Amino acid sequence: LSLSWYASAADLANGTEIADPAAYQNIENYQTIFAQVTDEFGCSATVTLTLTVNPLPSPTPSDELDPYIICDDDNDGFAEFDLSTYDQLIANGEADVEITYYTTPTNAEGGLVENQIGPLYQNTTAGQQNIYARSTNILTGCYRYVTLQLEVVPLPMLPLEIDDLSH
């Protein structure tokens, strides 16, 4: 069997194939293209396909996200973060998106449930750690991810003795 691709009905009728189907760039959204399958006897069948390009989510860019800062109550560099408190900020006002969190860009790219962290998460690197928030459109499955910096800051050191104040 041989397979030929055509950008329009006119191209199909004229025999003008798409030169490189693997690198084809659609010319409009919801574009109908044609595929023709031909066997060794010259018999062929044609099918239409509709190319649909869904927009990517638009989470708040990494460089616009303030770090998520928590005060360290025992000054060990570790704390528990409630990642869900950043969901709306990361969603950037966009409807129909789900925000999930991961420890690596590879895991954020893969989007597997077993690699998700949170909503409660304790940092694994003392003081500061980057995690990755994935914004997925629940209707299309399209996604993007951004970096969120977690910071655990030490509590101020108080002097052991404080002079009395008198007025």
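The values are calculated or read from the model by the stated rules, or taken from the named source; none is laboratory data. The structure displayed is predicted, hence computed values, not measured ones. A quick note on method: Cβ atoms are made from the backbone with ideal geometry, for glycine too, and the neighbour counts reach across all protein chains shown. We work out accessible area using only protein heavy atoms, side chains counted, and drop any ligands, DNA or RNA first. Shrake-Rupley method; radii C 1.70, N 1.55, O 1.52, S 1.80 Å.
Annotations
- Only one of the numbered conditions (1) part of a loop (DSSP other than H, G, I, E, B); (2) under 18 Å from Tyr68 (Cα atoms) is not met by Asp163, and that is (2).
- Residue check, Asp66 free of Cβ contacts under 8 Å to residues at least 24 places away in the same chain, open to solvent by 60 Å² or more (accessible area, probe 1.4 Å) and either touching a Ser or Thr at 6+ places or on another chain (Cβ under 8 Å) or within 30 Å of Gly93 (Cα to Cα) (or both): yes
- Condition check for Gln129: at pLDDT 95 or above and open to solvent by 60 Å² or more (accessible area, probe 1.4 Å): no
- Inspection of the range 141-151 identifies no residue that is in a helix (DSSP H, G or I) and more than 27 Å from Pro55 (Cβ to Cβ).
- Scanning the range 119-140 for residues that are of a type in the set (Gly, Ala, Ser), part of a loop (DSSP other than H, G, I, E, B) and touching a Phe, Trp or Tyr at 6+ places or on another chain (Cβ under 8 Å) yields a count of 1.
- Any hit, the range 44-57, residues being in contact with a strand residue (DSSP E or B) (Cβ under 7 Å, 6 or more places away or on another chain) and on the phi > 0 side of the Ramachandran plot: no
- Residue match in the range 88-108 (condition: at pLDDT below 95 and of a type in the set (S, T, N, Q)): no
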